[in-house]
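Working notes for the structure below.
The values are calculated or read from the model by the stated rules, or taken from the named source; none is laboratory data. What you see is a predicted model; the values in this text were computed from it and never measured. Glycine gets a Cβ as well: all are built from the backbone with ideal geometry, and neighbour counts include every protein chain shown. What goes into the accessible areas is simple: the full protein's heavy atoms, side chains included, and nothing from ligands, DNA or RNA. Shrake-Rupley method; radii C 1.70, N 1.55, O 1.52, S 1.80 Å.
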Amino acid sequence: MGAESRFGQLRLVPPPVGTPDSMRRRITVSNAIHPCPGRKRAMRSMASSLLALAALVLAGSPPVAAHSGHDHGSRHRVSTPAPEPVLPPELQEVREALRKYENPAAAVRDGFLSTLGCVAYENGAMGVHFLNAAHLGPTPDPFRPALLVYEPAENGRLRLVAAEWFVPLATGITERPTLFGRPFDGPMAGHEPLMPTELHHYDLHVWLWKENPAGLFAATNPNVGCAGHPYALMEAPTDLPSPHRH
């Protein structure tokens with residue numbers, strides 16, 4: 001009993017030697033349920049950090065797009081079957097490195113969290129984005145996209161179709177990033193309701209697992225649809241990107 005035990009992240013501090021058994025039980029339970037003030041503050045700080053991270057939940061973004069409304073009706077198209085695109089060697093390597101995320105559970109295990117909504121536009125859709133906030137930064141890594149993009153599939157399942165590299169201006173970036181020989185789209189505002197408008201950023205979509213008639217790096221894919229998804233969001237493009245500001 002001289003050593004401290006743990007319950008989750010709470011330290012269970014044993015009562016002094018000589019305390020009656022009935023009192024020892026009450027003290028131990030009290031310590032488990034009511035951690036010290038310093039630990040409470042740490043837990044509140046962690047909760048605040050998670051809430052701040054939730055504010056960054058991303059819907060993905062077309063080159064010059066902003067949210068202008070959404071619906072759950074019949075405007076949403078059904079996804080059209082399409083093969084994987086033929087890729088240059090550099091992108092083939094990236095696709096194979098990320099192929100394990102065809103299983104969404106593997107993505108969650110590695111820190112990607114679903115943003116819930118299936119984002120669509122009149123000329124095509126993006127799909128359901130999974131965000132890994134640990135991959136956000138001023139320098140994009142080819143093998144660490146900030147987002148994975150899935151389309152709704154049969155029986156409520158999700159099918160991996162694209163990856164997205166995402167660079168918020170708040171990271172301190174001062175010029176348009178480039179990856180795979182392609183400049184990023186943007187800068188642009190965030191897209192309500194899944195992302196704060198104030199989250200100005202650059203992004204680059206790459207349709208690694210589903211051929212896109214609009215182009216490998218296009219923001220939306222006419223072969224992707226959100227019909228049947230319970231959180232389908234219909235958005236519309238705007239005329240101008242946001243100013244380059246932090």
Query raised in the report: Between residue 192 and residue 174, how many nm apart are label points set 7 Å from Cα along the C-beta direction?
Result: 3.3 nm
Query raised in the report: Which length gain, in nm to one decimal place, applies between residue 108 and residue 154 when the Cα-Cα distance is subtracted from 0.36 nm times their residue separation?
Result: 14.6 nm
Query - Inter-probe distance in nm under a simple model that places probes 7 Å from Cα toward Cβ, at residue 123 and residue 75 - result: 1.6 nm
Requested in this report: Find the centroid of the Cα atoms in the stretch 175-203 and in the stretch 89-107, then give the distance between the two in whole Å.
Outcome: 22 Å
Query raised in the report: For the stretch 136-246, which whole percent of the accessible surface, found with a 1.4 angstrom probe, sits on carbon and sulfur atoms?
Result: 51 percent
Query raised in the report: Are there chymotrypsin sites (Phe, Trp or Tyr not before Pro) in the stretch 120-206 that DSSP marks as loop and that have at most 13 other Cβ atoms within 10 Å, and which are they?
Result: 143
Report summary line: Length gained if residue 141 through residue 93 is fully extended, taking 0.36 nm per residue and subtracting the Cα-Cα distance, is 16.0 nm
**Report entry** Residues residue 84 and residue 116, FRET efficiency given R0 of 30 Å [Cβ-Cβ distance, rounded to 0.05]
**Finding:** 0.70
